[in-house]
Every structure is written in C-alpha cells, then in structure tokens.
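Have a look at the structure below, then the notes.
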Amino acid sequence: MFFPSVPNTMGGGAYAGKSKLRVLFPGIEDQIQNKVVLDFGCGPGDEVKEMAQLGARRVIGLDISEKWLQVAREQAQRAGVAAKCDFARAVTSPVDVVISLDAFEHFSDPEGVLSKMYSLLSPGGSAFLTFGPTWYHPLGGHLFSVFPWAHIVLSEKALIRWRAQFKSDGAARFSEVEGGLNQMTIARFEQILKRSSFEVERFELVPIRKLKALHNRITREFLTAIVRCHLRKPIALSEAA
C-alpha cells in the first residue's frame, strides 16, 4: 500500500547548499537592485529575505496563508532585514518587479493571477515566473505521483479516494487539496500568456536533465522540468513621451 508523501525528486535536494532564487533566475540580483519587489506566493519567506539581502529597496511577501506570513516575518527579523520587508495577504500599491516561484500550477485562477500581477506592476516593470512540474511531467501530480504519471494513468476519483484514507479535509478534486492543483500544461500556460497584456521578453522550457537529449516540441509536455519566463509591462506612449 502506498502512503502519501512528496516524491524525493521534488524534495528540494537540487538546491541544497545553493540559492534557489539565483539558480532559477541567474542574474536576478541585478534586476532587483534598489527596486520594490513583490514575491507573489512567498510561503515561508526564504526568497523575500534573500532579495532584501541582495539589495532590493523593499520586498513585499504576498501569501494567502497567515501561518506562512508569520513564519516569514520571523525569518526576516532573525536575518536583520525586517525593516526592508513587508508581509501581507493583499497588495494595492505598485511595484517594480514581481517574482513567482513554484506557484502557477497551484493557483485556482492562474489567468486572474497573471492579470493581477500586471495591474500591480509599474509601467516598464518586470515579472519573473518559474514553476513546475507541469501536469504531464512524470511527477506532475505532485503528492499524487506515487509512481511516474500515476496522476494520468489513474483516475482523479481513485486517487482522491486513496488520499481520503489518510486525509480528512473532505477534498473531492485535485483542485481542492491543500495547495491545490490546476492541472497546468505548457500549452495552457502559453495560451494564458498570449491573452495577457504582457510582453514576453523570454520564455524557456528547462528539460529534465537526464532526458535532455529527448526534449523537443513533441515531447516537451512530458519531459520539461520547469517553465521559466521574463515578462514586461509595456510603457504607454503617453508615459514614454
């Protein structure tokens, strides 16, 4: 019998002893210097603390979980950067940079979230997004990927029934479990980007390292490890004049 657990390959070991922020976004320190930065979905605040240390003028950690926000506040305090950091469940004032790590496969309304990011950015501001695994990745089911592509081979109903043996939160869909899963595919994300008002500066599909040689347009949904992109909010002609 399988017991629910996050697969070891998703446990964060690839970032042991490294800065996850700088591994995923090489050169990010140059992009945030003296900027007001929003970490959209900050969780325990690791990246908020780090960006404050790397020279951001102010860093805002946004999350819907008050539990995580409190952990993040305490972490910033211990690191001596609390004066440069704010943590909140809602943000209204404009920012220069938006950062989002490991979140777009979890948002219940990813298109709405991208639109919100756009509205919070000052003209000319940048959004740096990375997430994965996407839905057709071998472990795209996250907790439900008890073996590669289990979430594709087995029905949602069967996996939810299996999970109910150990979790009593009443979730009946993938989208209802803690953290949520919106079954985000690469093709779907590309369509969301296309409908947005963002200019795409860079869009990159990072292949699973051991299967890099097999990664192409046909296999990308199955063999992409993470999606990474740099988006920019254009400056209106009236503002540029």
- Task: Among what's in segment 142-168 and is in a loop (DSSP other than H, G, I, E, B) and more than 24 Å from the chain's Cα centre (by Cα), pick the residue that is surrounded by the fewest Cβ atoms within 10 Å (Cβ to Cβ).
- Result: Ser168
- Tally the residues that are free of Cβ contacts under 8 Å to residues at least 12 places away in the same chain and not aliphatic (A, V, I, L, M), restricting the search to segment 152-168. 5
- Task: May I ask you to say which residue of Leu211, Leu139, Leu181 is outside any helix (DSSP H, G or I) and under 15 Å from Thr224 (Cβ atoms)?
- Result: Leu139
- Residue list for segment 74-127, filter: in a loop (DSSP other than H, G, I, E, B), among the aliphatic types (A, V, I, L, M) and over 17 Å from Ile64 (Cβ atoms): Val81
- Taking only segment 134-162 into account, find how many residues are touching a Ser or Thr at 6+ places or on another chain (Cβ under 8 Å) and either under 24 Å from His215 (Cβ atoms) or of a type in the set (D, E, K, R) (or both). 8
- Any chance segment 199-222 includes a residue that's among the small types (Gly, Ala, Ser) and either touching a Cys at 6+ places or on another chain (Cβ under 7 Å) or free of Cβ contacts under 8 Å to residues at least 40 places away in the same chain (or both)? yes
- Just one listed residue, out of Ala83, Ala88, Ala72, is under 22 Å from Gln53 (Cα atoms), buried (at least 16 other Cβ atoms within 10 Å of the Cβ) and among the aliphatic types (A, V, I, L, M), and it is Ala72
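Quick note: the coordinates plus some simple rules give every number you see, no bench work behind them. Keep in mind that what you see is a predicted model, and the values were worked out from it rather than measured. Virtual Cβ from ideal backbone geometry, glycine too; neighbours counted across all protein chains shown.
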